[in-house]
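Comments concern the structure below.
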Amino acid sequence: MNPEAWEKLIAGAPGEDRPPTPADEAAWSNAVVVRGGGIPAVRAALAARRRGPQRAPTKVPTTIRFDADVLAALKTTGRGWQTRVNDAMREWLKEHSPPDTGTHR
């Protein structure tokens with residue numbers, strides 16, 4: 001980058017002259033701050049944030065089709081929307097499942 005590009009980038013960054021916007025906050029919401037230690041410290045901090053392996057797989061990846069408005073509404077409920085859909089389906093199945101005949105489609 002040339003000096004002019006750096007100046008432009010710095011001038012547009014949040015700070016005393018410009019508070020962060022909601023977009024700035026969203027972009028940095030998952031940031032990991034590491035003071036000192038260089039790249040090894042950053043790698044260690046990121047590794048600590050990762051979820052470990054499951055002891056036994058409990059979920060099965062699949063594809064399901066929703067109407068666009070239904071999917072949008074589910075996603076607006078925020079992080080964990082897929083878990084909430086799973087819980088709702090489990091509750092529905094408690095009331096609506098036919099007896100198990102041993103055959104599946």
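The values are calculated or read from the model by the stated rules, or taken from the named source; none is laboratory data. Just so it is clear, the model here is predicted, and its values are computed rather than measured. No Cβ is skipped: glycine too gets one built from the backbone with ideal geometry, and neighbour counts run over all protein chains shown. For the accessible areas, the whole protein counts, side chains as well, though only heavy atoms, and no ligand, DNA or RNA atoms are used. Shrake-Rupley method; radii C 1.70, N 1.55, O 1.52, S 1.80 Å.
Details
- Between 0 and 90°, nearest 10: helix 81-96 axis offset from the chain longest Cα axis: 10
- Radius ratio Rg over Rh of the chain, counting only Cα atoms, Kirkwood formula for Rh: 1.16
- Size check on the stretch 6-56: the Cα extents along the three principal axes, sorted descending, read 49, 26, 16 Å.
- Residue 34/residue 64 FRET efficiency (R0 35 Å; Cβ-Cβ; nearest 0.05): 0.35
- Rolling a 1.4 Å probe over the protein heavy atoms gives the chain an accessible area of 97 Å² per residue.
- Area accessible to solvent at residue 64, 1.4 Å probe radius, in Å²: 120
- Whole-percent carbon and sulfur share, accessible surface of the stretch 47-92, 1.4 Å: 56
- In the stretch 1-87, GluC sites (Glu not before Pro) in a DSSP loop with at most 15 other beta-carbon atoms within 10 Å: 16
- J(HN,Hα) series, the stretch 27-38, from Karplus relation 6.51 cos²θ - 1.76 cosθ + 1.60, nearest Hz, glycine and proline x: 5, 9, 4, 9, 5, 10, 9, 10, 9, x, x, x
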